[in-house]
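Structure record follows, encoded as structure tokens.
Every number in this text was worked out from the coordinates using simple rules, so none of it is lab data. Just so you know, these numbers come straight off a predicted model, no measurement behind them. Cβ atoms come from the backbone with ideal geometry, glycine included; neighbour counts cover every protein chain shown.
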Amino acid sequence: MSDDTSIDKELLARGYAHIPHRLPDDLLARLIRISAASVERASVAHRAANRSQGSLINIATDPGYAELVAAPEILNGLAGLGFCDLRFQSGFLISKPGNSPALFWHQDWWGWSLESSYLACPQQIGVMVYLGRTSVANGCLRVLPGSHQRSHRLHDSITAHDAGLSRVEDERHELCQSFQGEVALPSKPGDVLVIDARLLHSAYPNTTDQERMLLTLWYHPFWPDLPRGIRAHAANVFDGAVSDISHDSRPTPRSWPPEALKKIAALVPEPPGGPPVEFDRRPDTNRMEAMRD
Ligand SMILES: O=C(O)CCC(=O)C(=O)O
């Protein structure tokens, strides 16, 4: 595992970082165009099943996203935070329609069975690129700083990407509410938000009548040093052999045309051989430091 001293101190302590003005306007314009078309194509059933997220569209459905996955502005931004030897696992277009409910609180890490998940260094990071200006009013990200390392009472009520929560069967569910200590992370077009996959996060309801589009990309830093089982699972997700969400994650970038696949070649997680880690989305809170809420 990496020497933590190379990683941005604030990211290590809080579990997130905000890199302003990173992406060029022309790239954003292309992303907005393909993402709006993709949202337009999403079925009513897909949007109902993912009402809390708004949509959960695998970015492998469009090779146009290759330039975002490999964008030097993102990779250099991550290097500036101390993350090197990156591999890409998966990415999603999460688009909240106007007048839609909150996204439920969750964390996205799946390797909690391993001791390395209770160390400071993240083994997976999420890069969030909001395609328009976000605020509390239109459903920006909110986070519980420090919850990537310290236990929080929300850890006990989270069943991770539960289908009923995704459909928002009960808007009064505590995982859909505000919590003491939460921090809103509004964003401007071109900004990049980075989170430790273990961080508890959610999004406010979108109270405007405008769609709010987000692209979330999941990378693994320090790839050669990660436990073999983590690398095996990440490679399986990339290849579509297993899903990191509750339904099928195919297609995979392996099906992209050669010129798109070439753009991300250095980021492809090659399988290390051997079995994947046991998929475990629930932290052992006894191993996390107690955190008051
Ligand atoms: O919709 C958002 O703002 C947050 C999305 C999210 O939680 C995720 O990508 O894991």
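Worth pointing out:
- Potential extension, N286-E40 segment - 0.36 nm per residue separation minus Cα distance: 84.1 nm
- Once the Cβ-Cβ distance of E171 and D225 is raised to the sixth power relative to R0 = 45 Å, the FRET efficiency obtained is 0.55.
- Dimensions of region 97-165 along the principal axes, based on C-alpha atoms and rounded to the nearest Å, stand at 41, 26, 18, largest first.
- Under 12 Å from the D162 label point (7 Å along Cα→beta-carbon), backbone N, region 81-111: 104-106
- Among W112, P276, I264 - extreme Cα towards positive end, dipole of the chain, charges at beta-carbon: I264
- Hits among lysines - C-alpha to C-alpha of K96 under 28 Å, sequence gap 8 or more where chains match: K188
- For the chain, the relative contact order is 32 percent, taking Cα pairs closer than 8 Å that sit 6 or more residues apart in sequence and dividing their mean separation by the residue count.
- Gyration tensor analysis over the Cα atoms of region 146-280 returns equivalent ellipsoid semi-axes of 30, 20, 16 Å (largest first, whole Å).
- Packing-based ranking, highest mean first, of 211-224, 143-156, 172-185 given that Cβ atoms within 10 Å are counted: 211-224, 143-156, 172-185
- Residues in region 259-265 carry Karplus couplings, in order, of 5, 6, 4, 4, 4, 9, 3 Hz; the curve used is 6.51 cos²θ - 1.76 cosθ + 1.60 with θ = phi - 60°, and Gly or Pro positions show x.
- Less than 5 angstrom separates the built amide H of I264 from none of the residues sequence-distant by 5 or more or on a different chain.
- For the chain, the membrane-span-like helix rule (DSSP H, alpha carbon extent of at least 20 Å along the helix axis, mean Kyte-Doolittle at least -0.5) picks out 25-41; this says nothing about an actual membrane.
- When its C-alpha radius of gyration is set against 2.2 N^0.38 Å (N residues), the chain gives a value of 0.93.
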